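*Asks:* Okay, here's the structure, questions in a sec.
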Amino acid sequence: MGIQKVGIVGFGAMGSGIAQVCAAAGFDVLVRDVEQRFIDRGNERIAASLARVVKSGKLTEDEATAARSRIRGTLALADFGDRELVIEAVVEVLDAKKEVFGQLDAVCGPTTIFASNTSSLTIVEMAATTKRPDRFAGLHFFNPPVMMPLVEIVKAITTSEATVVALRDFVKRLGHTGVVSQDTTGFIVNRLLVPYINSAIRLFEQGGATADEIDQAIKLGLRHPMGPLELLDHVGIDVHYHVANVFFEEFKDANMAPPSLLRRMMLAGHLGVKTGKGIYEYDEKGKRKA
Ligand code: NAD
């Protein structure tokens, strides 16, 4: 029958999106965050997102109500005993994730599969701290999970083939597409994206072209919906800087190292859309100023 009961730890941007996708696909979903106000915020986010989905005609009002009724919140990881799959989506801090998995290991049955939604950490480093390194993998959703149909299923050197098969089936039942990646830093998408964005920043900082010209060239020449510098502003200068540093640590490859402009923008507080200024300038609604 496969997985029916899903647990999600961390009800932030990603956790709430993943919960919505799971509930809309018919799974029973239990979410955990550290304070009730974060659970309330996640529920509000899902209600607003489901209202948009209903408006677009992809779900009926009744289906959206049914999806919402499948999501329950808790503050206690002790409630996760009956979960068949637990997806962790807490902050991107290794020790925080290890602590969550340590507690889950004591609560969940031996067959429960654990998955991390980490973007940049190494899966085996978390798997090895649990008693189930064979039933541990990465499940990397993209933001926002409701709109982005890809999930990277990350196979650590300890992950069993049966776990990969179960996760492939799970992702398929979500209506998403799974691709299997080895546990190499950045998996597939970010491994290619980070040096690409770095190259665009270097081209810009060296005066090879203006930001607009770089973004226009990629949009029109490669049919990308967004150019690399616009994308950088949406991701956040701080987030990209952090990830590029993690990649450089791992690969010691100059293409992975954050360009010096990035660090200076970070120090200046020019973090992109969220602060109103990055490569471009934005109004309070996040719309680019002319
Ligand atoms: P977020 O800050 O929006 O949400 C994190 C949530 O985890 C918060 O609500 C926080 O209160 C909660 N939390 C912290 N410690 C907890 C604990 N011990 N137990 C339960 N909840 C806890 O972060 P996010 O953007 O949703 O990112 C979550 C994870 O997903 C990170 O590992 C991130 O790298 C990864 N990710 C993020 C994106 C993205 O674009 N935002 C994309 C893919 C993957």
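Every number here is computed from the coordinates shown, using simple stated rules; none is lab data. On a predicted model such as this, the values are computed, not experimentally measured, just so you know. Every residue, glycine among them, receives a Cβ derived from its backbone with ideal geometry; neighbour counts consider all protein chains shown.
*Asks:* What aspartates and glutamates sit close enough to LYS289 to cross-link, taking a C-alpha to C-alpha distance under 12 Å and skipping anything fewer than 8 places away on the same chain?
*Replies:* Leaving aside aspartates and glutamates fewer than 8 places away in the same chain, those within reach of LYS289 are GLU281.
*Asks:* For each pair in LYS55/LYS172; LYS5/LYS285; LYS97/LYS172; LYS58/LYS219; LYS55/LYS97, compute the distance between the two Cα atoms and list the pairs where it is over 31 Å.
*Replies:* Check vs 31 Å cut-off fails for LYS5/LYS285; LYS55/LYS97.
*Asks:* Further question: Give me the net charge for the shell around ALA209: Cβ to Cβ below 12 angstrom, other residues only, Lys and Arg +1, Asp and Glu -1. Spell out each step's value before the answer.
*Replies:* Working: positive: ARG202; negative: GLU205, ASP212, GLU213, ASP215.
Net of charged neighbours comes to -3.
*Asks:* Take LYS277, LYS289, LYS5, LYS131 and order them by how many other Cβ atoms sit within 10 Å, fewest up front.
*Replies:* Numbers: LYS277 18, LYS289 9, LYS5 15, LYS131 12.
Lowest to highest Cβ neighbour count: LYS289, LYS131, LYS5, LYS277.
*Asks:* Kindly put LEU75, LEU267 in sequence by how many other C-beta atoms sit within 10 Å of each C-beta, fewest to most.
*Replies:* LEU267, LEU75
*Asks:* Place the peptides 138-144, 124-130 in order of packing, highest mean first, counting for every residue the other Cβ atoms within 10 Å and averaging per peptide.
*Replies:* Those peptides, ordered most packed to least, come out 138-144, 124-130.
*Asks:* If one computes the Cα centroid of the range 175-217 and of the range 105-127, what distance in Å separates the two points?
*Replies:* First find each Cα centre; the distance between them is then 27 Å.
*Asks:* Filter the DSSP H helices in the chain by two things, a Kyte-Doolittle mean of at least -1.0 and an axial alpha-carbon span of 18 angstrom or more, and list the hits by number. Numbers along the way, then the final one.
*Replies:* Working: long enough: 36-56 (30 Å, -0.40); 94-107 (20 Å, 0.01); 161-174 (20 Å, 0.43); 189-205 (24 Å, 0.60); 237-251 (21 Å, 0.37).
Those that pass (Cα extent of 18 Å or more, hydropathy at least -1.0) are 36-56, 94-107, 161-174, 189-205, 237-251.
*Asks:* I need the calculated FRET efficiency for the pair ILE157 and THR111, taking r as the beta carbon distance and R₀ as 22 Å, to the nearest 0.05. Don't skip to the end; give the middle numbers.
*Replies:* Values: r = 21 Å, r/R0 = 0.95.
Computed FRET efficiency for ILE157 and THR111: 0.55.
*Asks:* Quick one: net charge of LYS131's neighbours, Cβ under 14 Å, K/R +1, D/E -1?
*Replies:* Details: positive: LYS98, ARG132, ARG135; negative: ASP105, ASP134.
Charge balance near LYS131 sits at +1.
*Asks:* Next up: Within a 10 angstrom radius of the beta carbon, how do TYR196, TYR241 rank from fewest other beta carbons to most?
*Replies:* Fewest to most other Cβ atoms nearby, the residues stand as TYR196, TYR241.
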